[in-house]
Amino acid sequence: MMIVLLQLMTLAFLFGTVIFVLIFIHQFFFVKHEPKGLPNGSMGLPFVGETFGFFTPHKSFSIGNFLQEHRSRYGEVFKSNLFGSPTIVSCDLEFSIFVLQNEGRLFQSSYPKSVRDILGKHSLMLVTGDLHKKFRSIETGIINKFKCKPDFLDSIDKLCTSLMESWTGNQVVLFSKEAKQARTRIASTLKQVLNDRKKRKDLGINELAKEDIFNENLLKGHLSDVEKVSILQDLLLAGYETTSGLLSLLVYFLAQSPQALQYLKNEHRALRRTKKEGEPLNWEDYKQMKFTSMVINETLRCGNLVKFVHREAIKDVEFKGYHIPAGWKVLPILSSVHLDPSLHQNPSEFNPWRWADPTTSKRVIPFGGGLRLCPGWELAKLEAALFLHHLVINYRWTAKEDDHPMLYPYLEFPKGLLMTLEAETRKF
């Protein structure tokens, strides 16, 4: 018994010694050697910092307790220790835009190793400098041609119709799951194009087809095979969770906003009356969906699919009286800007009509900004608009259970967004 007690006392002493050493190192390196002019804040525990508190789940139409408490205590811009690195956190619109707009000059993309391992070093989200410019130019060219291509729009239109036909006879739908299936089907359209190209190549058909968007853009870039594969993976995978999350959020917010839903139905009924029976929607139809665009924009603002982005200062930076040392991480918090009561009246309220004011668009950054503005932002909105068209024309829905979008920080509905569906009796 005495031996066991002595062993426990020894372990307790060793544990206490380790904790003391860690605290000493933390105080010596992180506190006493901090550069002058940093924002106020806390570096948290040794090594782990405040990462666990930062990742505490919260509703996506709120900024969460961590940011609320830190913003109240330290201000809109504060220092912290997140992901194992000293970090400047920005909840300020002007500061965040400054960081995003100075990509490549003062800041660069800098994601944790776990993200790099998943996406690969050639992912558009990770590459920097000239390689990023080249990849972005190629991907933007492909996306811009796809979004206006009648065959592609027709495919999305048919996929939406097919998905909703599969709901026939179902009174209850797990919408979060259905939204992911919808995005999978859209991605499969792109994948089919790639498979067709591979088959032509295997058959020795190497000539560049006039309408082969992939060949036309990929050959311009003088890319290695590895780089081509990475770009195609970006096109197939990037935005998967974002687009499916957007569809789920649209259904969620509209279920709680009957007035907005009725306006939306009226817009799409009027549009459908201009089309022949079975005629698919086209790019011009999409551009006429004014209120639909307002609904999607408000969903992005309220729902906060992307809470923050990762950046790193590549040189010492001075801005708004703050010093940002080279090598420090910088986290622009997009959701904090979207839910700032000084920028948006009743920020947690879903109100598409706020977008009638053109200045609203200057106070939101759901797709990032600067050189890293999401190249597929309008394609994502186009897909959502076509999905909404068929949904509001054909169905009514209500929430079956109390469920809310949560940020973990990825967006998820804990109960799967269970909805009761009814066929719409009035179509046009």
| task | Quick one: net charge around Leu124, please, counting Lys, Arg +1 and Asp, Glu -1 for every other residue with C-beta under 14 Å from its C-beta. | result | +2
| Which FRET efficiency, nearest 0.05, do Thr140 and Asn170 yield, Cβ-Cβ r, R0 35 Å? | 0.35
| said: Rounded to the nearest angstrom and ordered from largest down, what semi-axes does the equivalent ellipsoid of the stretch 333-412 get from its C-alpha gyration tensor (root of 5λ)? | reply: 24, 19, 16
| query | PRE reach from Ser85 (point 7 Å along Cα→Cβ): which of the stretch 278-309 fall under 19 Å by backbone N? | reply | 307-309
| message | I need the fraction of alpha carbon pairs in the stretch 255-333 separated by more than 22 Å, rounded to a whole percent. | response | 54
| said: Below 18 Å, Cα to Cα, which aspartates and glutamates can Lys329 reach? Residues fewer than 8 away in the same chain don't count. | reply: Glu34, Glu50, Glu76, Asp92, Glu94, Glu103, Glu312, Asp316, Glu318
| remark: For the stretch 78-140, the charge dipole (Cβ of Lys, Arg +1; Cβ of Asp, Glu -1; about the Cα centre) points to a positive end, and the Cα of Asn102, Asn81, Ser137 closest to that extreme belongs to Ser137
| Stretch gain in nm, segment Lys158-Lys415, where the contour uses 0.36 nm per residue and the Cα spacing is subtracted | 89.7 nm
| said: Within the stretch 303-329, list the residues whose amide N lies under 14 Å from a label point set 7 Å along Cα→Cβ of Arg105. | reply: 314-315, 317-319
| How much of the calculated P(r) for the stretch 321-365 lies past 11 Å, in percent of all Cα pairs? | 73
| note | Given a Förster distance of 30 Å, the FRET efficiency implied by the Cβ-Cβ spacing of Glu401 and Ser72, rounded to the nearest 0.05, works out to 0.35
| request: Return the Rg/Rh value of the stretch 80-185, two decimal places, where both radii are evaluated on C-alpha atoms and Rh is the Kirkwood radius. | output: 1.11
| remark: Beyond 24 Å (Cα-Cα) in this structure, taken from Lys113/Lys320; Lys307/Lys415; Lys113/Lys180; Lys149/Lys381; Lys180/Lys290; Lys177/Lys307, we find Lys113/Lys320; Lys113/Lys180; Lys180/Lys290
| query | Based on the Cβ-Cβ distance of Gln181 and Arg426, what FRET efficiency does E = 1/(1 + (r/R0)^6) give at R0 = 35 Å, to the nearest 0.05? | reply | 0.80
| message | Counting only other residues whose beta carbon sits under 15 Å from that of Leu261, what net charge do I get with K and R as +1, D and E as -1? | response | 0
| remark: Taking Val226, Val337, Val364 and counting other beta carbon atoms within 10 angstrom, the fewest-first order is Val226, Val364, Val337
| query | Under a 5 Å amide H to amide H cut-off, with H placed in plane at 1.01 Å, what residues pair with Met406 once short-range neighbours are removed? | reply | Ser60, Glu412, Phe413
| task | Work from the charge dipole of the stretch 275-428 (Cβ charges, +1 for Lys and Arg, -1 for Asp and Glu, about the Cα centre) and give the residue of Asn394, Val306, Ala423 farthest towards its positive end. | result | Val306
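Rule-based calculations on the coordinates, nothing more; no lab input. Just so it is clear, the model here is predicted, and its values are computed rather than measured. For neighbour counting, all protein chains shown are included, and Cβ atoms are generated from backbone atoms with ideal geometry for every residue, glycine included.
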